[in-house]
Structures are given as C-alpha cells and as structure tokens.
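What follows is a set of notes on a single structure, which appears directly below.
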C-alpha cells in the first residue's frame, strides 16, 4: 500500500461525495508480456487486482462510505 499516490487523496477525501473506482482493463491486447483476467477480483501475487486497488484508496485515507 505504501506506494506514492498520483492523486491528491486528502483533497479527494475531503471534497468529493464519492469516488468511483474503475476496476477493469488490467490486461488486454496491448500487454504482450502477460495474460490475465480482464477484471481480476483478487490476486495474492500482484497489485493488479480490484482488491488491491480499492484497498489502496481506503489505506490512503478515503472513507469506505465514499468508495463506490
């Protein structure tokens, strides 16, 4: 979870009513080095999953009731 965020999470959490997390397009025809689920729910060996993505927003400080 400790990766530097590209978004101003504190401002997002304070100023937005909700955040719609897009949880798809993890893999596709552009990724010739690997194959994988289009929208993986959970992958314990990678940070490319819905579980990791939503968890990183929550861990960064966005309240759970604002994550959709």
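Read the figures in this text as sums done on the coordinates, not as results from a lab. Because the structure is a prediction, the values reported are computed rather than measured. With ideal geometry, Cβ positions are generated from the backbone for all residues, glycine too; neighbour counts draw on all protein chains shown.
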Which of 56, 11, 33 ends up with the largest GNM mean-square fluctuation for the chain, with Cα atoms connected below 10 Å? 33
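From the gyration tensor of the Cα coordinates in the chain, what semi-axes in whole Å does the equivalent ellipsoid have, largest first, with each one equal to sqrt(5λ)? Provide the component values of the computation, followed by the final result.
Working: eigenvalues 124, 28, 25 Å².
Whole-Å semi-axes of the equivalent ellipsoid: 25, 12, 11.
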Looking at the chain as a GNM with Cα springs under 10 Å, which of 32, 48, 12 has the largest mean-square fluctuation? 32
Two pseudo-spin positions, 7 Å from Cα along C-beta at residue 45 and at residue 60, lie apart in nanometres by 2.7 nm
Among 18, 57, 30, residue whose mean-square fluctuation peaks in a GNM of the chain (springs only between Cα atoms under 10 Å): 30
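Sorted from fewest to most neighbouring beta carbons within 10 Å, what does the list 62, 21 look like?
Details: 62 22, 21 14.
By the 10 Å Cβ count, ascending: 21, 62.
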So for the chain, averaging the separation of alpha carbon pairs under 8 Å that are six or more residues apart and normalising by length, what relative contact order in percent results? 40 percent
